[in-house]
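Visitor: Can you read through this structure? Questions will come right after.
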Amino acid sequence: MASTNQSPFYRRAEQEFHEATTDEQRITCLEIMIKECPKHKSSENMLRNLTTRLKKLKSNLLKQKKSGKSSRQGIKKADMQCVLAGFTNAGKSTIFKTLTNLNPKISPHQFTTHGPQLGTFKFEDVSIQIIDTPSFPNHDKSLINSTDTILFVIDDIKQIKQAEQEFNQGKAKTIIIFNKEDLLSENEKRKIEATLKSKYKKYNYILFSQTPTETKLDELRQKIFATFPVMRIYTKEPKKSPSKEPMTLKQNSTLKEAAEKILKGMSKKIKRTRVWGPSSKFGGQTIGLDHILKDKDTIEFQTK
Ligand SMILES: Nc1nc2c(ncn2[C@@H]2O[C@H](COP(=O)(O)OP(=O)(O)O)[C@@H](O)[C@H]2O)c(=O)[nH]1
Ligand SMILES: [Mg+2]
């Protein structure tokens with residue numbers, strides 16, 4: 001598909017299409033590409049191609065939904081998302097790679113990341129979506145304003161002031177990742193931490209590098225997960241063991257809300273509900289549907 005003569009929106013959507021990880025994302029991209037594709041004779045073929053692809057994807061998705069494959073496991077796209085932001089060369093793409101094991105372009109040249117790159121990483125049993133974005137000032141404002149959590153990567157403390165207004169507009173929580181820790185002396189590290197703790201205490205922060213220990217990496221994943229107002233709920237069927245992948249629900253959701261998410265309108269058929277874990281008095285406690293769940297509970301529904 002020749003895209004050189006296309007609008008920037010088209011090209012952006014096309015790039016995102018290639019980087020997409022779900023059919024939902026691919027569909028969104030294709031819809032933009034179709035809208036942006038010129039409607040004259042010479043691009044008729046191209047337009048037809050795009051439309052065919054879109055139809056195929058939509059029917060695939062419908063099939064998946066009908067068979068219940070796509071909805072059961074854990075996280076939908078928007079549930080837990082973080083976005084890397086910062087000035088060029090701070091090490092965003094390197095962190096993206098460390099977390100996701102994907103291979104973005106990393107280089108000492110400036111502005112190597114042109115469009116958003118999608119990836120996911122696991123924390124305990126849940127998947128968290130992470131997006132690598134172009135550096136300030138070419139960053140994607142709408143993405144930064146709409147995400148749950150901003151990972152603000154810096155390699156100089158001055159960068160906080162220089163970019164603060166960029167990410168203080170939306171509702172997102174911000175974690176400052178002070179990167180290239182390996183280049184700092186113990187004394188410099190102490191000073192930086194002291195500044196972060198006093199002047200910037202509203203932010204959570206972590207000192208990080210391209211060669212993190214497993215503990216450090218876990219600490220970062222844990223900090224990111226903790227910014228999301230969700231809890232992990234494992235489900236089980238009577239006499240079977242719990243699901244390996246939890247579903248995620250808003251904090252303080254009730255058993256009824258969990259039931260609705262799983263059984264989709266069938267929750268009237270529930271005969272008995274049992275709970276194991278933090279919110280139960282004892283494992284397997286029978287509790288009513290207005291019970292408020294806690295992170296890492298396991299729940300079981302028996303239907304009529
Ligand atoms: N010494 C050191 N260099 C790093 C570290 N992380 C990234 N770099 C280097 O910094 C440059 C920019 O990294 P990149 O991830 O492309 O930065 P981005 O522009 O923010 O995406 C590259 O040359 C990386 O190898 C780190 O923790 N320590
Ligand atoms: Mg980059």
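The values are calculated or read from the model by the stated rules, or taken from the named source; none is laboratory data. This is a predicted model, so every value here is computed, not measured. Neighbour counts run over all protein chains shown; Cβ positions are idealised from the backbone, glycine included. The area values use the complete protein model at the heavy-atom level, side chains included, leaving out ligands, DNA and RNA. Shrake-Rupley method; radii C 1.70, N 1.55, O 1.52, S 1.80 Å.
Visitor: Determine, yes or no, whether Ser280 is buried (at least 17 other Cβ atoms within 10 Å of the Cβ), part of a loop (DSSP other than H, G, I, E, B) and of a type outside the set (Phe, Trp, Tyr).
Guide: For Ser280, the condition - buried (at least 17 other Cβ atoms within 10 Å of the Cβ), part of a loop (DSSP other than H, G, I, E, B) and of a type outside the set (Phe, Trp, Tyr) - is met.
Visitor: Also, I was wondering about something else. Which ones in the range 112-151 are surrounded by fewer than 16 Cβ atoms within 10 Å (Cβ to Cβ) and within 14 Å of ligand 1 (Cβ to nearest atom)?
Guide: Across the range 112-151, the qualifying residues are His114, Pro137, Asn138.
Visitor: Return the only residue of Thr21, Thr88, Thr51 being among the β-branched types (Val, Ile, Thr) and at pLDDT below 75.
Guide: Thr21 is the lone residue from the list that is among the β-branched types (Val, Ile, Thr) and at pLDDT below 75.
Visitor: Of these, Gln64, Gln25, which one is loosely packed, with under 14 Cβ neighbours inside 10 Å and within 25 Å of the chain's Cα centre (by Cα)?
Guide: Of the residues listed, the single one that is loosely packed, with under 14 Cβ neighbours inside 10 Å and within 25 Å of the chain's Cα centre (by Cα) is Gln64.
Visitor: Additional query: Considering Lys180, Lys216, Lys197, which residue is among the basic types (Lys, Arg), at pLDDT 95 or above and within 16 Å of ligand 2 (Cβ to nearest atom)?
Guide: Matching residue, one of Lys180, Lys216, Lys197: Lys180.
Visitor: When you scan the range 55-76, do you find a residue that is modelled with pLDDT of 85 or more, basic (Lys, Arg) and more than 30 Å from Ala259 (Cα to Cα), even just one?
Guide: yes
Visitor: A further question on this structure: So for the range 283-304 (the condition being open to solvent by less than 40 Å² (accessible area, probe 1.4 Å) and among the acidic types (Asp, Glu)), does at least one residue qualify?
Guide: Yes, because at least one residue in the range 283-304 is open to solvent by less than 40 Å² (accessible area, probe 1.4 Å) and among the acidic types (Asp, Glu).
Visitor: On to the next question. Filter the range 166-177 for residues that are free of Cβ contacts under 8 Å to residues at least 60 places away in the same chain and open to solvent by 40 Å² or more (accessible area, probe 1.4 Å); which is farthest from Glu219 (Cα to Cα)?
Guide: Gln169
Visitor: Separate question: For a quick check of your reading: which strands (runs of 3 or more DSSP E) sit entirely within the range 178-265 and have at least 3 residues that are open to solvent by 20 Å² or more (accessible area, probe 1.4 Å)?
Guide: Details: elements: 204-207, 230-236, 247-250.
Fully inside the range 178-265 and qualifying: 230-236.
Visitor: Mind counting the residues in the range 1-16 that are over 17 Å from the mean Cα position of the chain (by Cα) and part of a helix (DSSP H, G or I)?
Guide: Within the range 1-16, residues that are over 17 Å from the mean Cα position of the chain (by Cα) and part of a helix (DSSP H, G or I) number 8.
Visitor: Would you say Thr195 is under 23 Å from the mean Cα position of the chain (by Cα) and polar (S, T, N, Q)?
Guide: No, not satisfied.
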